[in-house]
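What follows is a short report on a single structure.
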Amino acid sequence: MGATEKADGNERVVTRFAPSPTGFLHIGGARTALFNWLFARHHGGEFKLRIEDTDRARSTDEAIEKILDGMRWLGLDWDGEEVYQFARADRHVEVANALLDQGKAYRCYATPDELAEMREQQRAAKQPIRYDGRWRDRDPAEAPEGAPFVIRLKTETDGETVIEDAVQGRVVVRNEEIDDFVMLRGDGTPTYMLAVAVDDHDMGVTHVIRGDDHLNNAFRQRALIDAMGWPQPVYAHVPLIHGPDGAKLSKRHGALGVEAYRDEMGMLPEAVINYLLRLGWGHGDDEIISRDQAVEWFDLDGVGKSAARFDLKKLENLNGHYIREADNGRLADLAAPLIAADLGRELTEEDRKLLQRGMESIKPRAKSLGELAEGAGFLFRTRPLNLDEKAAKLLQDGAPALLAHLVPLLEGLPDWTEEALDTAVREFADARDLKLGKVAQPLRAALTGRATSPGIFDVLLLLGREESLARIADQAG
Ligand code: GLU
């Protein structure tokens, strides 16, 4: 299907991401958001954001901010204002009452003790634990005066319900397994089940794409939507993400907030997007897929049925790829605060320009922004350089004497160009019957304080004549 065609006849596609703001936007949630975003963009539809903040005890403003911030960072822009579920409670109550008026729902006066006893008996009889419908056909007049009640949906008891899930395929559940679930609690507050079904309808959601831990809920939500006579959305329940060992993804595996990928792991958003896309969705053997390409290709057919495994190495490799592709100015901006923190001072305008110039030769080695900053560190270290262990090793034995001979040669160069430097250093090595590396390695150690760095001629050019000669002289002896 092309990007401008609609998914289903003339219907305009509307998807939504519906996080509960009880923690950070974790990697599984980000993938759900991405799939919804891509599906909507692919079909030229709308992608909406609904904050499911009905759990007042666990929802926090901080978590909402983190979710919005994470989505913005990933470039998952949503259409219209975000919808806050708690603010819509009156509407949820209205729907429950409408179902009550139509005889499709009923008041249940069972007390918590009675329900506990019911469950106990079911357990003892090895029956499935579910509400037994004790108030379904009972006259509410039998209820004690002023007793609290919940409102339950009257679900079908015969036959079966089928969901043609766009990922899971045909899923069939016997209706007797779908209990008369609570829509309004004793205190009059709506349950998640009611709120989701009503909000999806009111927001015009056509496709519900979410984790397969919600598949059971879909049958209940469906019953409610049917009772209201509303159109059913298409469901797509995506398998959850597992750790590399096949167990449920935990913090140890990388089930962190997306901000950890940005701030602690130094990932670029396009790398995270590409990685999340491939986590459970495929297009042939393609691994590197740009955002535009993903919008063009994405559809639910490509979503796999089995749990995807999280693989940090793959993500790091993708990040390395996108760092190499990234604009040098942007990389310099991203690396600058890390370098400043390391140096304990802000970078000057000159530093910032130098950093940008250095990026071309520094970025091929970096798989994270941290490595990028580390790789650029030599540009700003002050003399005499602190040598790390490996660099110190390279400057043992005959190396200081070798550098002492090299200094006057480099000092005498009329031009400080790559060509001139390359010729001079090669001739110097040849004259001593040394391989180039035997000269380049101590030279690198003296210039950068490290055993790895960009190509030695790039380093000499970036540092310039004066600083280069001074650094070499510091280690010559
Ligand atoms: N708020 C639910 C969650 O965070 C998602 C509900 C849904 O997608 O229907 O898991």
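The values are calculated or read from the model by the stated rules, or taken from the named source; none is laboratory data. Because the structure is predicted, anything quoted here is derived from the model rather than measured. Cβ: placed from backbone, ideal geometry, glycine included. Neighbour counts: every protein chain shown. For the accessible areas, the whole protein counts, side chains as well, though only heavy atoms, and no ligand, DNA or RNA atoms are used. Shrake-Rupley method; radii C 1.70, N 1.55, O 1.52, S 1.80 Å.
Computed values, structure above
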quantity: Candidate set from region 204-219 (those that are open to solvent by 20 Å² or more (accessible area, probe 1.4 Å) and of a type outside the set (Asp, Glu)); member that is farthest from Val172 (Cα to Cα); calculated: Gly204
quantity: Selected residue [of a type in the set (Lys, Arg), part of a loop (DSSP other than H, G, I, E, B), open to solvent by less than 90 Å² (accessible area, probe 1.4 Å) and closer than 22 Å to Leu355 by Cα] from Arg450, Arg444, Arg383; calculated: Arg450
quantity: Every pair of residues 6+ apart whose Cβ atoms lie under 9 Å, when the first sits in region 16-28 and is over 13 Å from Val272 (Cα atoms) while the second is of a type in the set (Phe, Trp, Tyr) and within 10 Å of the ligand (Cβ to nearest atom); calculated: Ser20/Tyr192
quantity: Single residue of region 183-200 satisfying the filter (touching a strand residue (DSSP E or B) at 6+ places or on another chain (Cβ under 6 Å) and open to solvent by 40 Å² or more (accessible area, probe 1.4 Å)) that is nearest to the ligand (Cβ to nearest atom); calculated: Arg185
quantity: Scope region 403-425; condition open to solvent by less than 30 Å² (accessible area, probe 1.4 Å) and either under 16 Å from Ala476 (Cα atoms) or part of a loop (DSSP other than H, G, I, E, B) (or both); matching residues; calculated: Leu403, Leu406, Val407, Leu410, Leu413, Val425
quantity: Selected residue [among the basic types (Lys, Arg), surrounded by fewer than 17 Cβ atoms within 10 Å (Cβ to Cβ) and either part of a strand (DSSP E or B) or within 16 Å of the ligand (Cβ to nearest atom) (or both)] from Arg170, Arg138, Arg152, Arg222; calculated: Arg170
quantity: Selection status of Ala307, modelled with pLDDT under 95, under 30 Å from the mean Cα position of the chain (by Cα) and among the small types (Gly, Ala, Ser); calculated: yes
quantity: Residue check, Tyr131 over 24 Å from Gly211 (Cα atoms) and assigned to a loop (DSSP other than H, G, I, E, B); calculated: yes
quantity: Leu461 vs. criteria buried (at least 20 other Cβ atoms within 10 Å of the Cβ) and either more than 45 Å from the chain's Cα centre (by Cα) or closer than 22 Å to Leu355 by Cβ (or both); calculated: no
quantity: Test: residue in region 390-397 that is in contact with a Phe, Trp or Tyr (Cβ under 7 Å, 6 or more places away or on another chain), assigned to a helix (DSSP H, G or I) and not hydroxyl-bearing (Ser, Thr, Tyr); calculated: no
quantity: Segments classed as strands (runs of 3 or more DSSP E), wholly inside region 1-111, with at least 3 members that are within 12 Å of the ligand (Cβ to nearest atom), over 17 Å from the mean Cα position of the chain (by Cα) and acidic (Asp, Glu); calculated: none
quantity: Residue check, Leu355 modelled with pLDDT of 95 or more, assigned to a helix (DSSP H, G or I) and either of a type outside the set (Val, Ile, Thr) or in contact with a Ser or Thr (Cβ under 9 Å, 6 or more places away or on another chain) (or both); calculated: yes
quantity: Filter result for the condition that a residue is of a type in the set (Val, Ile, Thr) and open to solvent by 30 Å² or more (accessible area, probe 1.4 Å), over Ile288, Ile339; calculated: Ile288
quantity: Test for Asp433: is it acidic (Asp, Glu), outside any helix (DSSP H, G or I) and either within 46 Å of the chain's Cα centre (by Cα) or modelled with pLDDT of 95 or more (or both); calculated: yes
quantity: Search result, residues across region 426-439 that are within 25 Å of Asp388 (Cα to Cα) and open to solvent by 10 Å² or more (accessible area, probe 1.4 Å); calculated: Leu434, Lys435, Leu436, Gly437, Lys438
quantity: In region 176-197, the residues that are charged (D, E, K, R) and part of a helix (DSSP H, G or I); calculated: Glu176, Glu177
quantity: Every pair of residues 6+ apart whose Cβ atoms lie under 6 Å, when the first sits in region 430-442 and is among the polar types (S, T, N, Q) while the second is assigned to a helix (DSSP H, G or I); calculated: Gln441/Leu394
quantity: Region 250-271: number of residues that are open to solvent by less than 30 Å² (accessible area, probe 1.4 Å) and in a helix (DSSP H, G or I); calculated: 6
quantity: Some residue of region 237-249 being within 14 Å of the ligand (Cβ to nearest atom), open to solvent by 20 Å² or more (accessible area, probe 1.4 Å) and under 30 Å from Tyr131 (Cβ atoms); calculated: yes
quantity: Test set (1) under 21 Å from Arg88 (Cβ atoms); (2) touching a residue at least 60 places away in the same chain (Cβ under 8 Å); (3) in a loop (DSSP other than H, G, I, E, B); (4) not hydrophobic (A, V, I, L, M, F, W, C) - Asp200 fails condition number; calculated: (3)
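Per-residue answers, yes or no, for (1) closer than 21 Å to Asp101 by Cβ; (2) touching a residue at least 60 places away in the same chain (Cβ under 8 Å):
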{"site": "Gly159", "(1), (2)": "no, no"}
{"site": "Ile163", "(1), (2)": "no, yes"}
{"site": "Glu177", "(1), (2)": "no, no"}
{"site": "Arg185", "(1), (2)": "yes, no"}
{"site": "Val238", "(1), (2)": "no, yes"}
